[in-house]
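Trainee: Okay, here's the structure, questions in a sec.
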Amino acid sequence: MAGRIRQSDVEEVKARTNIADIVGEHVSLKSAGVGSMKGLCPFHDERSPSFHVRPQLGYYHCFGCGESGDAYTFLQRMDHVTFTEAVERLAGRIGYELHYEDGGPAEGAGNRARLLAANRAAEEFFLEQLGTPEAEVGRRFLGERGFDADAARHFGVGFAPKSWETLTKHLRGKGFTTEELAASGLVSQGDRGVYDRFRGRLIWPIRDVTGQTVGFGARKLLEDDPGPKYLNTPETAVYHKAQVLYGLDLAKREISKTHRVVVVEGYTDVMACHLAGVTTAIATCGTAFGVDHIKVLRRVLGDDSGLGEVVFTFDGDAAGQKAAMRAFAEERRFAAQTFVAVAPDGLDPCDLRLARGDAAVRSLVESKTPMFEFVIRTTLARFDLETVEGRVAALRAAAPIVADIRDPALRPGYTRELARMLGMELEEVGRAVR
């Protein structure tokens with residue numbers, strides 16, 4: 001039987017760990033008096049911070065939902081790891097060598113830890129492959145989009161060779177079992193057995209808020225590739241696409257400091273924004289922006305004062321407008337003000353940077369339009385405002401949007417703006433809004 005971690009080591013690791021550093025990777029903390037910090041609770045949805053951390057005691061407590069514990073408890077609850085995995089992870093952070101009661105490895109060292117290790121080994125493999133002759137097509141793709149070798153390294157971009165099982169053999173050689181590789185989503189099972197999931201594609205590592213690689217996004221490069229344009233890691237024990245935001249590990253500190261986040265639509269858009277100086281850019285990973293993404297962002301934003309900004313960038317086409325309307329449906333979940341930025345000619349941030357330079361990307365974000373104004377204009381565009389019938393129908397469609405504005409101080413202004421757009425009397429529009 002493998003032994004348990006010595007209790008003395010458990011206590012030593014906890015004593016050497018600053019719990020505020022651990023919690024701070026998930027929650028934006030502010031001073032709350034001598035020896036105390038506070039932020040939005042990561043365990044329940046709230047608008048006013050009731051989650052308190054006391055670094056000197058190594059303890060946290062939420063006065064809203066009652067959750068409390070130490071650094072180990074926090075990791076177990078946040079990252080769904082076992083107690084053993086939490087101790088091993090914190091020991092690894094501080095470089096502390098753990099000892100076990102019988103000298104062996106910890107019992108149940110953890111499926112999650114093995115999956116993360118497999119992803120880390122795969123990421124290193126993909127990075128090495130980007131420098132091979134076969135990866136010329138990938139390097140050319142990056143170059144054509146304005147990304148040099150330094151940019152690729154910064155974002156960890158790699159290449160998956162067009163091979164049936166090169167990665168599989170490489171990872172087996174490092175001690176990973178077929179079951180572990182399948183559980184990590186790195187391999188697939190077919191009639192011919194196990195094979196690499198990603199083949200002949202450019203690879204982006206997808207990391208959680210703590211910087212651990214939990215999955216990958218892969219872009220098609222070859223014409224004979226029958227797969228989709230983008231292929232992501234499937235749902236695994238460590239990768240949940242509804243909760244992961246690409247680039248958040250790089251952007252979180254600036255988001256927390258500036259209380260602004262820029263939501264873009266793809267990996268290359270995140271890269272373009274960061275290289276242009278918009279270092280708060282993040283993107284979803286093959287799924288629509290949803291409730292779980294908002295919960296993650298609100299904690300990083302410290303979204304309790306209403307002073308923050310969430311800026312969505314969308315393509316100017318119909319699909320982009322549809323995406324904006326989906327985002328608007330969740331707008332009320334933010335305390336921060338929400339905005340929409342649509343580039344001239346409908347260019348996404350990556351294409352905009354290529355066509356007009358870094359300054360144009362920064363200008364795109366600064367020239368944002370309030371979300372409510374954008375949604376009202378998008379709604380009115382469906383009607384013929386040259387006719388009485390069209391204006392009345394447009395009013396019926398737009399009035400509920402204005403009535404739904406959560407900040408009562410903004411409603412009168414948008415009521416006047418709607419009256420101006422429709423060319424109708426303010427009193428008539430006001431009645432419809434009320």
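Trainee: Quick one: what are the phi-derived ³J(HN,Hα) couplings along region 166-175, Karplus 6.51/-1.76/1.60 with θ = phi - 60°, whole Hz, x for glycine and proline?
Mentor: Once rounded to whole Hz, the list reads 4, 5, 4, 5, 4, 6, 4, x, 9, x.
Trainee: Could you tell me the relative contact order of the chain? Use alpha-carbon pairs under 8 Å, at least six residues apart, and round to a whole percent.
Mentor: About 11 percent, as a whole number.
Trainee: Here's another thing I want to ask about it. Take the cross-link list LYS220/LYS241; LYS38/LYS368; LYS38/LYS295; LYS14/LYS38; LYS174/LYS220 and give me the ones stretching past 23 Å between alpha-carbons.
Mentor: LYS38/LYS368; LYS174/LYS220
Trainee: Apply the a/c threshold of 1.5 to the C-alpha gyration tensor of region 66-192 and tell me whether it is rounded, prolate or oblate.
Mentor: Since a/c reaches 1.5 and a/b is larger than b/c, the shape of region 66-192 is classed as prolate.
Trainee: Using Cα-Cα distances under 8 Å and only pairs 6 or more residues apart, what relative contact order does region 381-434 have, in percent?
Mentor: Computed value for region 381-434: 34 percent relative contact order.
Trainee: Between rounded, prolate and oblate, where does region 382-433 land on the alpha carbon gyration tensor, with a ≥ b ≥ c its root eigenvalues, rounded for a/c under 1.5, else prolate if a/b exceeds b/c?
Mentor: prolate
Trainee: Take the Cα pairs of region 169-306, get the Kirkwood Rh, then feed it into Stokes-Einstein at 10 °C and 1.306 mPa s and tell me D in µm²/s.
Mentor: D, rounded to a whole number, is 97 µm²/s.
Trainee: What per residue convex hull volume, in Å³, do the alpha-carbon atoms of the chain yield?
Mentor: Taking only Cα atoms, the chain has a hull volume of 173 Å³ per residue.
Trainee: Shifting gears a bit: By its C-alpha gyration tensor, with a ≥ b ≥ c as the square roots of the eigenvalues, how is region 236-319 shaped: rounded for a/c under 1.5, else prolate for a/b larger than b/c, else oblate?
Mentor: Rounded, since a/c falls under 1.5.
Trainee: Moving to a separate point now. Which loop GluC sites (Glu not before Pro) in region 175-227, with loop taken from DSSP, have no more than 10 other Cβ atoms within 10 angstrom of their Cβ?
Mentor: In loop regions of region 175-227 (DSSP not H, G, I, E or B), the sparsely surrounded GluC sites (Glu not before Pro) are GLU223.
Trainee: Can you give me the relative contact order of region 298-434 as a percent, contacts being Cα pairs under 8 Å and 6 or more apart?
Mentor: Across region 298-434, relative contact order equals 18 percent.
Only the coordinates and a few stated rules stand behind these numbers; no lab work does. Keep in mind that this is a model prediction, so the values were computed, not measured. Counting neighbours? That spans all protein chains shown, and the Cβs are built from the backbone with ideal geometry, glycine included.
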